[in-house]
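One structure is given below, encoded as structure tokens.
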Amino acid sequence: MATEQAEPFDDSFADVLAGVQRLIRRRLRRGQSAPRLRGAHVELLRLVAVKPGIGVSAAAKELYLAGNSVSTLVNQLVKDGYLRRETDPGDRRSARLFATPAALARLHDWQRRRAALVRQQGARLDAADRAALAAALPALRRLAENLHEEAEGP
């Protein structure tokens with residue numbers, strides 16, 4: 001009697017990806033003296049750091065969030081000193097977003113700590129597991145690109 005094997009792309013695949021991300025965030029929160037930022041706050045800050053001057057609507061589109069949700073995030077991050085909002089000279093009704101030095105420092109610290117954590121945990125794996133993860137990276141990047149393209153639509 002043959003044993004039935006799970007499909008490689010069943011719910012467990014997405015669960016593992018989400019679980020790894022959640023555990024990384026949890027570990028990085030330890031020892032953090034600054035107030036905790038939700039995942040959506042960090043995603044918005046990372047986007048603004050990469051695309052300084054991005055508008056609220058464009059940020060909402062890139063993050064696949066409703067415009068009013070991004071406006072709420074922006075207001076919170078402005079209040080906390082992580083974002084600066086400037087009026088768009090081409091359209092006085094629109095705002096352009098810029099990360100503050102405090103936000104950039106926090107993002108840099110987070111990225112440095114995240115890289116160190118992943119390196120440390122990767123070193124605990126045997127050579128075959130490290131090689132398997134390294135070999136999977138191009139396919140995971142393509143999967144992310146496909147999801148992004150599909151979300152963008154035709």
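The values are calculated or read from the model by the stated rules, or taken from the named source; none is laboratory data. What you are looking at is a predicted structure, and each value in this text was computed from that prediction instead of being measured. Here the Cβ positions follow ideal geometry from the backbone for every residue, glycine too, while neighbour counts run over all protein chains shown.
Return the residues of segment 28-50 that are loosely packed, with under 15 Cβ neighbours inside 10 Å and assigned to a loop (DSSP other than H, G, I, E, B); say none if nothing qualifies. Residues satisfying the conditions are R30, G31, Q32, S33, A34, P35, R36, R38. When A134 is tested against (1) of a type outside the set (F, W, Y); (2) loosely packed, with under 12 Cβ neighbours inside 10 Å; (3) under 19 Å from the mean Cα position of the chain (by Cα); (4) not assigned by TED's automatic domain parsing to the domain that holds A60, just one condition goes unmet, and that condition is (3).
So if I check each of A99, A151, which one is at negative phi and at pLDDT 90 or above? Steps first, please.
Working: A151 fails: at pLDDT 90 or above.
When all the criteria are applied, what remains is A99.
Kindly establish whether K79 is within 26 Å of L147 (Cβ to Cβ) and surrounded by fewer than 16 Cβ atoms within 10 Å (Cβ to Cβ). Taking the combined requirement at face value, the residue does not satisfy it. Could you check R36 against (1) out of contact with any strand residue (DSSP E or B) (no Cβ under 8 Å at 6 or more places or on another chain); (2) under 23 Å from E145 (Cβ atoms) and say which number it fails? Answer for R36: the failing condition is (2).
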